[in-house]
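Novice: Before I ask anything, let me first share the structure, which is written out below as structure tokens.
The values are calculated or read from the model by the stated rules, or taken from the named source; none is laboratory data. Keep in mind it's a predicted model, so treat the numbers as computed, not measured. Cβ sites come from the backbone with ideal geometry, for glycine too, and all protein chains shown count toward neighbours.
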Amino acid sequence: MCGIIGVCSGPEKKFSTGEIVYKGLLRLEYRGYDSAGVASVEEGTLRVLKGKGKIAELEKKLGLSKVKGSVVIGHTRWATHGAPSDVNAHPHTDCTGRIAIVHNGIIENYRELKEELVRKGHVFKSETDTEVVAHLIEEFYRSGDKPYEAFKKAISMIKGSFAILAVFADAPSMIFFAKKDSPLVIGLGDGMNLVASDIPALLEYTRRVITLRDGWVGFITKDNVFIEELGKGPVNPADYVRVVEWSLESASKGGYQHFMLKEIHEQPRALLDTLYGLRSDPALKEAAEILAEARRIFITAAGTSYHAGLHFALTVARITGVLVTPFIASEYESYSRVVREGDVLIAVSQSGETMDTLKAARAFKERGARLIAVSNIIDSAIPRESDLPLYTRAGPEIGVAATKTFTTQTLLLSLLAVELAATRGDLLKSEYEEYVGELAKSSEYASKSLAWNEGVAKKVSEMLRLKHSIYYLSRGIGLPTAMEGALKIKEIAYLHAEAYPAGESKHGPIALVEEGFPVVFVVPRDQYYEKLILGNIQEMKARGAWVVGVAPEDTSLRDLFDVFIKVPASSWITTPITHTPPLQLLAYYTSTLKGYDPDKPRNLAKTVTVE
Amino acid sequence: MLNLVLAAGKPSPDLGVLVPPRSNKVVLRVLGKPIIYYPVRGVYNANKSTVHVVYRAGEDAVPREVSATVDYPLEFIEQEAGESVREAILSAKSRLEGDDYFLLSFGDLIVDPEAYLKLVDTHLEENPDATILVAPIEPHNVENYGLVSVDENWLVRRVLASGGRTAEAVYTMAGVYVLPTRILDYLEKGLNLPEAIEALARSGRVKAVLWTGTWVDVGYPADLLEAVYQLLSKVRDVEISGKAVVEKTAVVEGPVIVEEGAYIDHYAVVKGPAYIGRESFIGAHSFVRDYVDLGERSRVGAFSEVKYSSIQPYCLMDSKATILNSVLGGESVIGIGVTTLNVLPSEEAPPRLREHVVRRGVFERKMGAVIAYGARVPPYTVLSPGGVYK
């Protein structure tokens, strides 16, 4: 997912075209932020500024907002294939440097088109699918078509999903656009027109918009909009103008009240994307081979990622009998001293930039350990320094509290554990197939878990908002999920929460339990643990605790719970995927009911780049 | 895209007792506005074109109330026959033809205006065959609503008629839709709306848009209480009209809205969240607290207590009444000392009644009385919990 914007304006306007595009890119940063760039046309000259990094950083380095021109287009990228780099950043240009394009989407037939164009002498600079469009337009333009005709012909040849903007040095007042399966909106301003992949980029300048339909192409100038349906003829833009009532803030959240809620509900999609990504990536098997040969395996991370790491360690212990040592990244010095060549460290970080995890990874590498990175951001610091990076495909996560990145991390790490067991020969073929089959259903499980529990979570949050302290208890494979539930409610609802193995209650913590004390039990689908947890629930109930059970639909414990949060009956290995979404909802609704903003928890930052 | 609001539905028997003659449930009041104000505002905000309102022949209060409440362009369509949603939509057929899509809302919904915007924006951006609003459902309500199951892209997989049970990921259909005009063909063939939507989902893409904010489908008296609860939960401050009178010794503690012409007598305590309607009266020493919606020109007699109740316009309550978790019909007269009991026997649960946290660690359902439009309750009557008084 990427963000694109273009503006046509006269020199007399309050904001320069460069400023408008720069600000628009900042508004679109939630769609991606690993590289960015702009292209402007001024007095017949096309100028491109682009690079890897966040938009604000690039502004300092390149001065994106300083570009001048009658037309400017911009792009902010979220790499899914091909590393973020200066060369791969958009805009992309043709051979002559007189045509520039930005694109959001995927060109499915780019390989065939590229081969053909290379045969005709075109020279490609990047690894992206997008660049092919610039050369295709050039090809038609060179053969005598006018800019718009050349653009249209090129668009009619590409397959896939796209929102594309193009500018020509020889057409200095026009931005050409095309849309199919990727969003694109025109904004009708006062003496200027804009086009962008999403409404937030436009709202500062206009509320009058035209939402483009699939198959529409056309161009804007500062005073006019021309639209046609490819192959069918012109469309009257006036028939499609509407006034946007959204506030700037809500527009970027896709109508959800908070990014966190949006991201919670994106989990089924994110899990499926991660699964498909891993299936087509040989890195997972490579990683399993590295681990199978390892002398010892360590896994490190911070915060939510640490809980994913803990899930990995418990899963590996259960299906392979190999001991994985999990540790919190900031405590790396206690572990790095014992590291030798032949050891392997898995470093898990959503951003790939977490300083504690990075330092742990460097310390291990210095002592000869091999490094496998797990991250959501391609080519970020930790993956870059690793021997082998593995990626979740959760898309950008804006809410500070991790949600979809946790469940996708646990999916990736569970698959890695299963591959490791298979590589070592610890699993029967049928067992391997069963685990992989269950993990392949992650998206469906998360969907059910969310759909079944939104109402229940709202109800439970009405009780939790009156409480000052809460326990999250589990045993075995459920423990990392309980820890994640406790962390979420601490982070965003400012409710003191503690997670520990339920067997520990009698060794101290149960002293705090009194009438109405809330205890959330995370019950994995496992008869052995269910039996153990039964006793733990009873000891809490005997002391008047208010017990919420997050348990499989076929649990035998449901009558013991004051509130039953039903999750799909699946294998124990998917526990974080089935049980975490309702815990996220619980934290979210408790936070909003208490009047807090879950997207901006106090004292916390999304990426922790300090020790 | 044309706007269509359906306001010809029949109420459940318990809700029906609250509806005045020649009227419809959509004109029952919530926070000073008829229910239908909320969907009409929603569709118009999201799609600035004439709002077509289908109402039942003979229920002239509907066009009258709607016209008096909003100044949007309106057109009224009289439905002469049939009681189903299918027939209501078909009664607007001549208006719908000629447009590709229409924005449809049921008239008995209270939904945030942003939900309509989200629905229309999603539809325009993603261009599916149809787009429908869905809402989360509480487990005990699964059998009360039409449900849809969705895939990971929020495309509708299956539509289940009301009362269906399923193990799939399901949400309730929230009564707001962007539908293609060609759906009329399915309806004309006899399919009901859920079946027609399922037919669209089978042959194309029907997008579901999740709304997790305020959503109340007013079908039962408890829904009126829920609507009051949800809307008043959003009020944050004390807003007292400059044309209201609050006597010096009265206490008004927020969040409370006091409308123009309201009068709050000495020593009365209004402890919000509460809505005190236009020209209403709260007598001396009365206690109005926690989610009370006091309708226009209603009267709370001296020394009364009112809690968590919806009081429709022109209700006259004599002194020393105790009204708890109740719905009082318009123009009803509540005699001196009337008491509504509200603790339900544990096995009773009126449809869709919210459980409230009543003390640490305990949820309870409470329901007082439903008093019919124009009913007269004799002095010192004690009304049993969950009962309907006609």
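Novice: Being among the charged types (D, E, K, R), over 14 Å from B:Arg289 (Cα atoms) and either at pLDDT below 95 or assigned to a strand (DSSP E or B) (or both) is the filter here, so list the residues in segment B:224-266 that pass it. If you could, list the steps in order and put the result at the bottom.
Specialist: Step one: of segment B:224-266, the residues among the charged types (D, E, K, R) are B:226, B:234, B:236-237, B:239, B:243, B:247-248, B:253, B:259-260, B:265.
The next check asks that each one be over 14 Å from B:Arg289 (Cα atoms); those that pass are B:226, B:234, B:236-237, B:239, B:243, B:247-248, B:259-260, B:265.
Answer for segment B:224-266, where residues must be among the charged types (D, E, K, R), over 14 Å from B:Arg289 (Cα atoms) and either at pLDDT below 95 or assigned to a strand (DSSP E or B) (or both): B:Glu226, B:Lys234, B:Arg236, B:Asp237, B:Glu239.
Novice: Here is a follow-up. Looking only at segment A:483-541, count every residue that is away from every other protein chain (no Cβ under 14 Å), surrounded by 22 or more Cβ atoms within 10 Å (Cβ to Cβ), free of Cβ contacts under 8 Å to residues at least 60 places away in the same chain and not in a helix (DSSP H, G or I) and tell me the total.
Specialist: Count: 6.
Novice: Further, regarding this structure: So A:Leu203 clears everything in (1) out of contact with any Asp or Glu (no Cβ under 8 Å at 6 or more places or on another chain); (2) buried (at least 17 other Cβ atoms within 10 Å of the Cβ); (3) within 11 Å of chain B (Cβ to nearest Cβ) except one condition, right? Which one?
Specialist: If we test A:Leu203 against (1) out of contact with any Asp or Glu (no Cβ under 8 Å at 6 or more places or on another chain); (2) buried (at least 17 other Cβ atoms within 10 Å of the Cβ); (3) within 11 Å of chain B (Cβ to nearest Cβ), just (3) comes out false.
Novice: What is the residue count in segment A:208-230 for residues that are out of contact with any Leu (no Cβ under 9 Å at 6 or more places or on another chain) and more than 17 Å from A:Ser161 (Cα to Cα)? Steps first, answer last, please.
Specialist: Our first condition is that a residue be out of contact with any Leu (no Cβ under 9 Å at 6 or more places or on another chain); within segment A:208-230, this holds for A:214, A:219, A:221-224, A:226, A:228-230.
Next, from what is left, pick out any that are more than 17 Å from A:Ser161 (Cα to Cα): A:219, A:221-224, A:226, A:228.
Number of matching residues: 7.
Novice: In segment B:99-117, which residues are of a type outside the set (Val, Ile, Thr) and within 13 Å of chain A (Cβ to nearest Cβ)?
Specialist: From segment B:99-117, those of a type outside the set (Val, Ile, Thr) are B:99-109, B:112-117; that's our starting set.
Once the filter is applied, which keeps residues that are of a type outside the set (Val, Ile, Thr) and within 13 Å of chain A (Cβ to nearest Cβ), segment B:99-117 yields B:Asp99, B:Asp100, B:Tyr101, B:Leu103, B:Asp112, B:Pro113, B:Glu114, B:Ala115, B:Tyr116, B:Leu117.
Novice: Taking into account only those residues within segment B:163-179 that are modelled with pLDDT of 95 or more and within 14 Å of chain A (Cβ to nearest Cβ), which is surrounded by the fewest Cβ atoms within 10 Å (Cβ to Cβ)?
Specialist: Here the answer is B:Val178.
Novice: Collect the residues in segment A:10-20 that are crowded, with 24+ Cβ neighbours inside 10 Å and either farther than 30 Å from A:Glu263 by Cα or under 24 Å from the mean Cα position of the chain (by Cα) (or both), keeping them in residue-number order. Explain how you work it out, then say what you get.
Specialist: Let us first name the residues in segment A:10-20 that are crowded, with 24+ Cβ neighbours inside 10 Å, namely A:17, A:20.
Matches in segment A:10-20: A:Thr17 only.
Novice: Follow-up question, since we're still on this one. Pick from A:Lys541, A:Lys531, A:Lys566, A:Lys594: which is within 26 Å of A:Thr408 (Cβ to Cβ) and basic (Lys, Arg)?
Specialist: Selected residue: A:Lys566, the only one of A:Lys541, A:Lys531, A:Lys566, A:Lys594 that is within 26 Å of A:Thr408 (Cβ to Cβ) and basic (Lys, Arg).
Novice: Something else now. What number goes with the only condition from (1) of a type in the set (Val, Ile, Thr); (2) farther than 28 Å from A:Gly321 by Cβ; (3) not assigned by TED's automatic domain parsing to the domain that holds A:Ile510 that A:Thr423 does not pass?
Specialist: (2)
Novice: Before we move on, is A:Ser461 of a type in the set (Ser, Thr, Tyr), touching a strand residue (DSSP E or B) at 6+ places or on another chain (Cβ under 8 Å), part of a helix (DSSP H, G or I) and within 14 Å of chain B (Cβ to nearest Cβ)? Show your work before the answer.
Specialist: Working: of a type in the set (Ser, Thr, Tyr): yes; touching a strand residue (DSSP E or B) at 6+ places or on another chain (Cβ under 8 Å): no; part of a helix (DSSP H, G or I): yes; within 14 Å of chain B (Cβ to nearest Cβ): yes.
For A:Ser461, the condition - of a type in the set (Ser, Thr, Tyr), touching a strand residue (DSSP E or B) at 6+ places or on another chain (Cβ under 8 Å), part of a helix (DSSP H, G or I) and within 14 Å of chain B (Cβ to nearest Cβ) - is not met.
Novice: Given the criterion surrounded by 18 or more Cβ atoms within 10 Å (Cβ to Cβ), at pLDDT 95 or above and under 18 Å from the mean Cα position of the chain (by Cα), identify the matching residue among A:Ala373, A:Ala360, A:Ala369, A:Ala329. Steps first, answer last, please.
Specialist: On the way: A:Ala360 fails: under 18 Å from the mean Cα position of the chain (by Cα); A:Ala369 fails: under 18 Å from the mean Cα position of the chain (by Cα); A:Ala329 fails: under 18 Å from the mean Cα position of the chain (by Cα).
Result of the check over A:Ala373, A:Ala360, A:Ala369, A:Ala329: A:Ala373.
Novice: Which one of B:Val120, B:Val53, B:Val43, B:Val148 is surrounded by 20 or more Cβ atoms within 10 Å (Cβ to Cβ), in a strand (DSSP E or B) and within 14 Å of another protein chain (Cβ to nearest Cβ)? Walk me through how you get there before you give the answer.
Specialist: Working: B:Val120 fails: in a strand (DSSP E or B); B:Val53 fails: within 14 Å of another protein chain (Cβ to nearest Cβ); B:Val43 fails: in a strand (DSSP E or B).
Within the list B:Val120, B:Val53, B:Val43, B:Val148, the selection yields B:Val148.
Novice: Quick check on A:Thr423: is it more than 10 Å from chain B (Cβ to nearest Cβ), surrounded by 24 or more Cβ atoms within 10 Å (Cβ to Cβ) and in a helix (DSSP H, G or I)?
Specialist: Working: more than 10 Å from chain B (Cβ to nearest Cβ): yes; surrounded by 24 or more Cβ atoms within 10 Å (Cβ to Cβ): no; in a helix (DSSP H, G or I): yes.
In short, no.
Novice: Also, quick follow-up: Which condition breaks for B:Val357 when tested against (1) touching a residue at least 40 places away in the same chain (Cβ under 8 Å); (2) not in a loop (DSSP other than H, G, I, E, B)?
Specialist: (1)
Novice: If you don't mind, another one. I'd like to know if segment A:503-518 contains one or more residues that are touching a strand residue (DSSP E or B) at 6+ places or on another chain (Cβ under 8 Å) and closer than 20 Å to A:Thr315 by Cβ. Break it down into steps so the answer makes sense when it comes.
Specialist: Here is the first cut: in segment A:503-518, the ones touching a strand residue (DSSP E or B) at 6+ places or on another chain (Cβ under 8 Å) are A:505, A:509, A:512-513, A:516-518.
Retained after the next criterion (residues that are closer than 20 Å to A:Thr315 by Cβ): none.
No, segment A:503-518 contains no residue that is touching a strand residue (DSSP E or B) at 6+ places or on another chain (Cβ under 8 Å) and closer than 20 Å to A:Thr315 by Cβ.
Novice: Suppose we keep only residues that are within 12 Å of chain A (Cβ to nearest Cβ) and either modelled with pLDDT of 65 or more or touching a Leu at 6+ places or on another chain (Cβ under 9 Å) (or both) within segment B:132-145. Which one would you say is nearest to B:Thr181 (Cα to Cα)?
Specialist: B:Leu133
Novice: Confirm whether B:Glu125 is outside the structural domain of B:Gly330 (by TED's automatic domain parsing), crowded, with 19+ Cβ neighbours inside 10 Å and more than 22 Å from the chain's Cα centre (by Cα).
Specialist: Working: outside the structural domain of B:Gly330 (by TED's automatic domain parsing): yes; crowded, with 19+ Cβ neighbours inside 10 Å: yes; more than 22 Å from the chain's Cα centre (by Cα): yes.
When the stated conditions are applied, B:Glu125 passes them.
Residue-by-condition table, conditions (1) on the phi < 0 side of the Ramachandran plot; (2) of a type in the set (D, E, K, R); (3) at pLDDT 95 or above:
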site	(1), (2), (3)
A:Lys68	yes, yes, no
A:Ser85	yes, no, no
A:Asn88	yes, no, no
A:Asn104	yes, no, no
A:Ser126	yes, no, no
A:Phe140	yes, no, yes
A:Gly144	no, no, no
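Novice: Then there is this: Across segment B:68-108, what is the total count of residues that are in contact with a Phe, Trp or Tyr (Cβ under 6 Å, 6 or more places away or on another chain), part of a strand (DSSP E or B) and either of a type in the set (Val, Ile, Thr) or at pLDDT below 95 (or both)?
Specialist: Residues in segment B:68-108 being in contact with a Phe, Trp or Tyr (Cβ under 6 Å, 6 or more places away or on another chain), part of a strand (DSSP E or B) and either of a type in the set (Val, Ile, Thr) or at pLDDT below 95 (or both): 0 in total.
Novice: Only one of A:Ala417, A:Ala381, A:Ala440 is among the small types (Gly, Ala, Ser) and surrounded by 24 or more Cβ atoms within 10 Å (Cβ to Cβ); which?
Specialist: Values: A:Ala381 fails: surrounded by 24 or more Cβ atoms within 10 Å (Cβ to Cβ); A:Ala440 fails: surrounded by 24 or more Cβ atoms within 10 Å (Cβ to Cβ).
Among A:Ala417, A:Ala381, A:Ala440, only A:Ala417 is among the small types (Gly, Ala, Ser) and surrounded by 24 or more Cβ atoms within 10 Å (Cβ to Cβ).
Novice: Tell me, please, whether a residue that is surrounded by fewer than 24 Cβ atoms within 10 Å (Cβ to Cβ) and away from chain B (no Cβ under 14 Å) can be found in segment A:567-576. Walk me through how you get there before you give the answer.
Specialist: Step one: list which residues in segment A:567-576 are surrounded by fewer than 24 Cβ atoms within 10 Å (Cβ to Cβ), which gives A:568-572.
Filter again for away from chain B (no Cβ under 14 Å), leaving A:571-572.
Yes, segment A:567-576 contains a residue that is surrounded by fewer than 24 Cβ atoms within 10 Å (Cβ to Cβ) and away from chain B (no Cβ under 14 Å).
Novice: Answer with yes or no whether A:Val67 is assigned by TED's automatic domain parsing to the domain that holds A:Thr221, of a type in the set (A, V, I, L, M) and within 18 Å of A:Asp94 (Cβ to Cβ). Walk me through it before giving the result.
Specialist: Numbers: assigned by TED's automatic domain parsing to the domain that holds A:Thr221: yes; of a type in the set (A, V, I, L, M): yes; within 18 Å of A:Asp94 (Cβ to Cβ): no.
Spelling it out, it is not the case that A:Val67 is assigned by TED's automatic domain parsing to the domain that holds A:Thr221, of a type in the set (A, V, I, L, M) and within 18 Å of A:Asp94 (Cβ to Cβ).
Novice: Of all residues in segment B:350-390, which are of a type outside the set (Lys, Arg) and either touching a helix residue (DSSP H, G or I) at 6+ places or on another chain (Cβ under 6 Å) or within 14 Å of chain A (Cβ to nearest Cβ) (or both)? Walk me through it before giving the result.
Specialist: Step one: of segment B:350-390, the residues of a type outside the set (Lys, Arg) are B:350-351, B:353, B:355-358, B:361-364, B:367-375, B:377-389.
Matches in segment B:350-390: B:Pro350, B:Leu353, B:Glu355, B:His356, B:Val357, B:Val358, B:Gly361, B:Val362, B:Phe363, B:Glu364, B:Val370, B:Val388.
Novice: Still on this structure, please answer the following. Is it fair to say B:Val159 is more than 14 Å from chain A (Cβ to nearest Cβ), buried (at least 22 other Cβ atoms within 10 Å of the Cβ), out of contact with any Phe, Trp or Tyr (no Cβ under 6 Å at 6 or more places or on another chain) and at pLDDT below 95? Even if it seems obvious, please write down each step before you answer.
Specialist: Details: more than 14 Å from chain A (Cβ to nearest Cβ): yes; buried (at least 22 other Cβ atoms within 10 Å of the Cβ): yes; out of contact with any Phe, Trp or Tyr (no Cβ under 6 Å at 6 or more places or on another chain): yes; at pLDDT below 95: yes.
In short, yes.
Novice: Give segment B:350-390 a look and list any residue that's in contact with a His (Cβ under 8 Å, 6 or more places away or on another chain) and either modelled with pLDDT of 85 or more or surrounded by fewer than 17 Cβ atoms within 10 Å (Cβ to Cβ) (or both), or say none.
Specialist: Scanning segment B:350-390 gives B:Glu364, B:Lys366.
Novice: Quick check on this structure: which one of A:Arg213, A:Arg242 is surrounded by fewer than 20 Cβ atoms within 10 Å (Cβ to Cβ), at the interface with chain B (Cβ under 10 Å from one of its Cβ atoms), within 19 Å of A:Phe151 (Cβ to Cβ) and not acidic (Asp, Glu)?
Specialist: Numbers: A:Arg242 fails: within 19 Å of A:Phe151 (Cβ to Cβ).
When all the criteria are applied, what remains is A:Arg213.
Novice: Right, something else. Find the residue count for segment B:264-308, including only residues that are within 21 Å of the chain's Cα centre (by Cα) and among the hydrophobic types (A, V, I, L, M, F, W, C).
Specialist: Within segment B:264-308, residues that are within 21 Å of the chain's Cα centre (by Cα) and among the hydrophobic types (A, V, I, L, M, F, W, C) number 5.
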